[in-house]
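The values are calculated or read from the model by the stated rules, or taken from the named source; none is laboratory data. As the structure is a computational prediction, the values presented were derived from the model and not from experiment. So basically every Cβ, Gly included, is an ideal-geometry build from the backbone, and we count neighbours across all protein chains shown. Areas reflect the complete protein model, heavy atoms only, side chains present, ligands, DNA and RNA absent. Shrake-Rupley method; radii C 1.70, N 1.55, O 1.52, S 1.80 Å.
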Amino acid sequence: MRAVVQRVDGASVVVAGETVGEITGEGLCVLVGVTHDDTPEKAAQLARKLWSVRVLDGEKSCSDVNAPLLVISQFTLYGDARKGRRPTWNAAAPGPVAEPLVDEVVAQLRQLGAHVETGRFGADMRVSLTNHGPFTVLVDV
């Protein structure tokens, strides 16, 4: 699993004019990609990392300050544009594999005590955020 983690001062996801997920104040906006060999165990490992990674102000984690997370599925994180002009998506897991694993990341975060908002799997989403820093880190598990 791969995640792009951004420290934000608020973020939201809109689908067809409707806000489906939103966090306010300090937190993390997390784009999650799934590849073919990912497992529920990797989803749990990613959730633990997201909840405890010290990237907020003062080197705090979401668990330290009870900061919210906005988790959004994004298969394009496994796109490959090294050859030609059109990316390939061969490394991205198909929806029936990826959706339950993204849901598992969210469920594991909630089990850890996190407030989690989400996008809508497979939808044409509009993501808005205020990146604080800017601060962005890539997490692979």
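Descriptive notes on the structure:
- Selection status of Lys60, over 18 Å from the mean Cα position of the chain (by Cα), modelled with pLDDT under 95 and open to solvent by 30 Å² or more (accessible area, probe 1.4 Å): no
- Residues of the range 63-87 that turn out to be open to solvent by less than 60 Å² (accessible area, probe 1.4 Å), outside any helix (DSSP H, G or I), over 18 Å from Asp103 (Cα atoms) and of a type outside the set (D, E, K, R), as a count: 3
- Matching residues in the range 94-103 - criterion: being within 20 Å of Ile23 (Cα to Cα) and open to solvent by 40 Å² or more (accessible area, probe 1.4 Å): Asp103
- Residue match in the range 115-124 (condition: closer than 30 Å to Gly58 by Cα and open to solvent by 70 Å² or more (accessible area, probe 1.4 Å)): yes
- In the range 104-114, the qualifying residues are those that are touching a helix residue (DSSP H, G or I) at 6+ places or on another chain (Cβ under 7 Å) and in a helix (DSSP H, G or I), and the one that is surrounded by the most Cβ atoms within 10 Å (Cβ to Cβ) is Val105.
- Gly133 meets all of the listed conditions (1) in contact (Cβ under 8 Å) with a residue 12 or more places away in the chain; (2) under 16 Å from the mean Cα position of the chain (by Cα); (3) not in a loop (DSSP other than H, G, I, E, B) but one, namely (2).
- As a summary of the residue check, Ala123 satisfies the conditions (1) more than 16 Å from Ile23 (Cβ to Cβ); (2) in contact with a helix residue (DSSP H, G or I) (Cβ under 8 Å, 6 or more places away or on another chain) except for the one numbered (2).
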